[in-house]
Amino acid sequence: MHSQIVGRHAESKKLQSNILQISQEAKAMKAKYDDVIDATVGMLHHEEGNVFKYQVVENLLHHLSDAEIYHYAPVRGTKAYSEGTFDWVFGKHSELIKKHFHYSVIPTTGGSGAISNTFYNFNDSGQKVLLPNHYWTPYENFAFEAGIKLETFLMYDDDNNFNVADFRDKAVRLANEQKRLCVLLNDPCNNPTGLCMTNEDWREVVGILNQIAKTEVPVILIQDIAYIDYQEKEADVSRDAFLAYLDLDPAILAVVIFSGSKTFSLYGFRIGAQIGLSKTKEIVDHFIRVGDYSVRGRFSSVSQPGMSIIGKIFSDKNYMAQFQGELVEARQILKDRGGLFVAEAKKQGLAILPYLGGFFISIETQNKNIFQDLVNEHVFVIPMEGLIRIAVSSLNRKDIPRLVTILKKHI
Ligand SMILES: Cc1ncc(COP(=O)(O)O)c(C=O)c1O
């Protein structure tokens, strides 16, 4: 009876965020025992267990003026933030992308706000968004809030490469059924698997979307690049996959999701952006119209301190140089940990999904009781459909050999 207090559409809502809950359990056990391994947290940590803070961010944070902290942030963002974000995301290809596309940057409450807004505005009610079968589970929450559903294709082929064939089949089928197609790819450094699609994969994806767009079906490509700055590749080549965008059909809208949480370790500030791109001006005008409205209608505006700090880094050569230097250090931490995990897994004969960078490594498993088996050994990971996710971002190198031994025992 009392459940009628909520609107009908909200009756079945129940947050089952196993990620946050498991992290809490891990923390509680850590307070009691000192052999606990917590591989749940998707925030970059130092070996000593403290969060990786960028010193340039830290210094700016403590020297912001009142206006840079307390005032409302502009809905469309400051020029330093919005233009800076665009240039950062597309890097050395930024001018080329500007030459070929109309675009707009809409600041959002983290990458989460950007995905949520995009799901909401670019799908019809009940429509399905296509994404790989391994995905960051909050996408389900964003979808439910938007009144839409998710449909998956197989992420991997038999050789553990990106499964272009299954992507093609499912995309074509969904486009035929719905007469609309919205695709979400979290790349590079996929959460949870660590997959990085190749430039050729991207060319294939764009080719398939172009064919669909030619049939007068509206096509929206969402690329969630939350972990783009943590690839194993050099920063300079990490943006080359965007060159595939140059071939996008003019009828397609691409929405790139930027996360200030990951790039700047500003997890608590809730800052990110939706970058809309199309070769057709009218499409970008629609992106701006609905995007601006939803920012105001859903969260009003974003974190002013977050925008101030990022805007300053993007518009000052010295801050930028310092940030880029620190980012090399952050990437090295992940590279060392990821490399050690991969080597140790090989040594101990533990099969893992190919790790190509980012915060996570995944291992396929048939063990339905894997989570509890590992907790009994004081190990916390995130269990997902058919696999477990290990956050190398928060591991400690000295724990890795023992972790691999325990995983091997129960997988
Ligand atoms: C794949 C992926 N996309 C987007 C986000 C969004 O993060 P935020 O909202 O903190 O920017 C996350 C955060 O964990 C993520 O893992």
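The values are calculated or read from the model by the stated rules, or taken from the named source; none is laboratory data. What you see is a predicted model, and the numbers here were worked out from it, not measured in a lab. As a convention, Cβ positions derive from the backbone with ideal geometry for all residues, glycine included, and neighbour counts pool all protein chains shown.
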Quiz item: Restricting attention to region 277-311, which residues are of a type in the set (Phe, Trp, Tyr) and closer than 22 Å to Leu61 by Cβ?
Solution: Phe299
Quiz prompt | Residue in region 251-261 that is of a type in the set (S, T, N, Q) and not in a strand (DSSP E or B) present | solution = yes
Practice problem: Identify all residues within region 68-119 that are within 15 Å of the ligand (Cβ to nearest atom), part of a helix (DSSP H, G or I), in contact with a helix residue (DSSP H, G or I) (Cβ under 8 Å, 6 or more places away or on another chain) and not hydrophobic (A, V, I, L, M, F, W, C); write none if there are none. | Solution: Tyr81, Thr85, Gly110, Gly111, Ser112, Gly113, Ser116, Asn117
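Condition check: closer than 22 Å to Ala241 by Cβ and either surrounded by fewer than 19 Cβ atoms within 10 Å (Cβ to Cβ) or small (Gly, Ala, Ser) (or both). Does Lys99 satisfy that? Even if it seems obvious, please write down each step before you answer.
Numbers: closer than 22 Å to Ala241 by Cβ: yes; either surrounded by fewer than 19 Cβ atoms within 10 Å (Cβ to Cβ) or small (Gly, Ala, Ser) (or both): yes.
Yes.
So which of Ala67, Ala10 is modelled with pLDDT of 95 or more and over 30 Å from Gln231 (Cα atoms)? Don't jump to the end; show me each part of the working.
Values: Ala10 fails: modelled with pLDDT of 95 or more.
Just a single option satisfies the conditions, and that option is Ala67.
Matching residues to (1) within 26 Å of Phe360 (Cα to Cα); (2) out of contact with any strand residue (DSSP E or B) (no Cβ under 9 Å at 6 or more places or on another chain); (3) modelled with pLDDT under 95; (4) surrounded by fewer than 21 Cβ atoms within 10 Å (Cβ to Cβ):
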site: Asn176; (1), (2), (3), (4): no, yes, no, yes
site: Pro188; (1), (2), (3), (4): yes, no, no, no
site: Glu216; (1), (2), (3), (4): no, yes, yes, yes
site: Ala226; (1), (2), (3), (4): yes, no, no, no
site: Pro250; (1), (2), (3), (4): no, no, no, yes
site: Leu277; (1), (2), (3), (4): no, no, no, no
Practice problem: Kindly check whether there is at least one residue in region 264-272 that is modelled with pLDDT of 95 or more, within 15 Å of the ligand (Cβ to nearest atom) and of a type in the set (Val, Ile, Thr). | Solution: yes
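One line per residue, one yes/no per condition, for (1) surrounded by fewer than 24 Cβ atoms within 10 Å (Cβ to Cβ); (2) part of a helix (DSSP H, G or I); (3) small (Gly, Ala, Ser); (4) free of Cβ contacts under 8 Å to residues at least 60 places away in the same chain:
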position	(1), (2), (3), (4)
Thr193	no, no, no, no
Glu200	yes, yes, no, yes
Glu204	yes, yes, no, yes
Tyr245	yes, yes, no, no
Thr263	no, yes, no, no
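Which of the residues belonging to region 197-237 are more than 16 Å from the ligand (Cβ to nearest atom) and small (Gly, Ala, Ser)? Steps first, please.
Within region 197-237, the first condition is being more than 16 Å from the ligand (Cβ to nearest atom), and the residues that meet it are 198-220, 232-237.
Passing the criteria: Gly207, Ala213, Ala235.
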Quiz item: Wholly within region 325-411, which strands (runs of 3 or more DSSP E) include no fewer than the required count, namely at least 3 residues that are touching a residue at least 60 places away in the same chain (Cβ under 8 Å) and among the aliphatic types (A, V, I, L, M)?
Solution: 387-391
Quiz item: Which one of the conditions (1) modelled with pLDDT under 95; (2) more than 19 Å from Gly311 (Cα to Cα) does Gly77 fail to meet, given that it meets all the rest?
Solution: (2)
